[in-house]
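Remarks on the structure that follows.
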Ligand code: CTP
């Protein structure tokens, strides 16, 4: 079974959906073309914060960026100093795109300078950096620029090749700002080969636990395991070492993921306890049976005797994990609700369970369970909540992993 064919959702993930981008804008005439780029990034589902350099405001003003992004625009490192804006912005970004990148910005970035808000954010962020240079051909081919591009690429920065064609004035050559579509495709491609979980251990639970009543019957739930398997697939693609504890799911093993098949809550609890210590993040996406029969009959109970069941409560695995967790370990819970204010319920559960992140969805009328798509609230203990609307479970998985990466990266918070 290949990795692709075991995908719980074979459609391409909508990589943009809900992901946080920073769009830096350098001071070149192509800044006006970045307006179209911003529009297209937003159409693709990205949430974009624009950071124009002071010089770029000569070409496109802050009001335009605010109107197009729907967010406030900050250009000055010295505003709101008490909020340490560059650290906050650096933290939320899943990728930083600078378009256009001028020759001067290439030089400052290659030199590790931090003399304005944008370069401070770049230095303070662990997010991948995608640069879209645009300048006159002489500047692009200048030995200093060539060396700067080489330095940046050697550090893992993606520097797009400018297009060849007519430039401002009478110049013709390489230096044109690429079509927006090419840049949007490069952003998606960069996301697709992100290895930002390399070396991290992620423990994920999936499916629904079953509690045997007798050798034939059990107490169970409708969970298919699709969300947990999507999380495992997304995590392994991003370089994580993944343990997947799967309860009663019919989905096939995922290549590269250490699979642990379990049946009951007690089985799951035992396996999770064994693996928890080494995990940097634990995601409890399984639907855990809250109770089990006090007595499990070794023989089939005849219908004459099958009138009532005495139940006892199962251990709350997630609560137990949060009470005994390692410092810096990230915990993620899921909640399936059928009534009331989803986000509010999610927030309450996040606090009650003592977790960092919780995804809450409405499963009334048979929604979500067994389906490829999901809708719900991501509730976060430190970052903004987000309403995830009608996206694939794989896209949701990447979004949750983005948040885990950002929390893993800043252990001192
Ligand atoms: N969970 C768990 N152990 C349990 C029950 C739930 O680890 N015995 C985890 C689930 O995997 C999920 C989260 O806790 O990540 C929330 O599950 P949910 O069933 O919504 O929470 P409960 O505490 O059981 O609350 P409720 O009374 O609403 O069912």
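Taking the range 331-356 as the range and being out of contact with any helix residue (DSSP H, G or I) (no Cβ under 9 Å at 6 or more places or on another chain) and loosely packed, with under 14 Cβ neighbours inside 10 Å as the test, the residues that pass are 340, 341, 344, 351. Selection of the range 69-88 for residues being touching a residue at least 40 places away in the same chain (Cβ under 8 Å) and touching a strand residue (DSSP E or B) at 6+ places or on another chain (Cβ under 6 Å) yields 69, 75. Of the residues examined, residue 251 is one that is surrounded by fewer than 21 Cβ atoms within 10 Å (Cβ to Cβ), under 24 Å from residue 200 (Cβ atoms) and modelled with pLDDT of 95 or more. Within the range 53-68, the set of residues being touching a residue at least 60 places away in the same chain (Cβ under 8 Å) and surrounded by 19 or more Cβ atoms within 10 Å (Cβ to Cβ) comprises 53 only. Scanning the range 47-68 for residues that are in contact with a strand residue (DSSP E or B) (Cβ under 6 Å, 6 or more places away or on another chain), closer than 24 Å to residue 29 by Cβ and outside any helix (DSSP H, G or I) returns 48, 49, 50, 51, 52.
Filtered by the rule that a residue be outside any loop (DSSP other than H, G, I, E, B), surrounded by fewer than 20 Cβ atoms within 10 Å (Cβ to Cβ) and in contact with a helix residue (DSSP H, G or I) (Cβ under 8 Å, 6 or more places away or on another chain), the range 254-272 gives a lone residue, 260. Note on the range 271-298: residues that are more than 13 Å from the ligand (Cβ to nearest atom) and farther than 19 Å from residue 334 by Cα total 10.
Do we have residue 370 as in the same structural domain as residue 229 (by TED's automatic domain parsing), away from the ligand (no atom under 14 Å from the Cβ), surrounded by fewer than 16 Cβ atoms within 10 Å (Cβ to Cβ) and within 25 Å of residue 225 (Cα to Cα) here? The answer is yes for residue 370.
Please work out if residue 230 is assigned to a helix (DSSP H, G or I), more than 13 Å from the ligand (Cβ to nearest atom), closer than 23 Å to residue 379 by Cα and out of contact with any strand residue (DSSP E or B) (no Cβ under 6 Å at 6 or more places or on another chain). Against the criterion (assigned to a helix (DSSP H, G or I), more than 13 Å from the ligand (Cβ to nearest atom), closer than 23 Å to residue 379 by Cα and out of contact with any strand residue (DSSP E or B) (no Cβ under 6 Å at 6 or more places or on another chain)), residue 230 qualifies. Are any residues in the range 320-349 more than 10 Å from the ligand (Cβ to nearest atom) and either closer than 26 Å to residue 273 by Cα or not assigned by TED's automatic domain parsing to the domain that holds residue 265 (or both), and if so, which ones? Residues satisfying the conditions are 323, 324, 325, 326, 327, 328, 329, 330, 347. Of all the residues in the range 273-295, those that are crowded, with 16+ Cβ neighbours inside 10 Å and under 22 Å from the mean Cα position of the chain (by Cα) number 10.
In the range 278-290, the residues that are over 15 Å from residue 226 (Cβ atoms) reach residues that are part of a loop (DSSP other than H, G, I, E, B) and more than 7 Å from the ligand (Cβ to nearest atom) with C-beta atoms within less than 6 angstrom, at least six apart or across chains, in these pairs: 280/200; 288/209; 289/209.
Filtered by the rule that a residue be touching a residue at least 60 places away in the same chain (Cβ under 8 Å) and within 8 Å of the ligand (Cβ to nearest atom), the range 299-316 gives a lone residue, 314. All of 129, 106 fail the test of being more than 15 Å from residue 20 (Cα to Cα), in the same structural domain as residue 184 (by TED's automatic domain parsing) and either surrounded by 22 or more Cβ atoms within 10 Å (Cβ to Cβ) or within 27 Å of the chain's Cα centre (by Cα) (or both), apart from 106.
The values are calculated or read from the model by the stated rules, or taken from the named source; none is laboratory data. Keep in mind it's a predicted model, so treat the numbers as computed, not measured. Glycine gets a Cβ as well: all are built from the backbone with ideal geometry, and neighbour counts include every protein chain shown.
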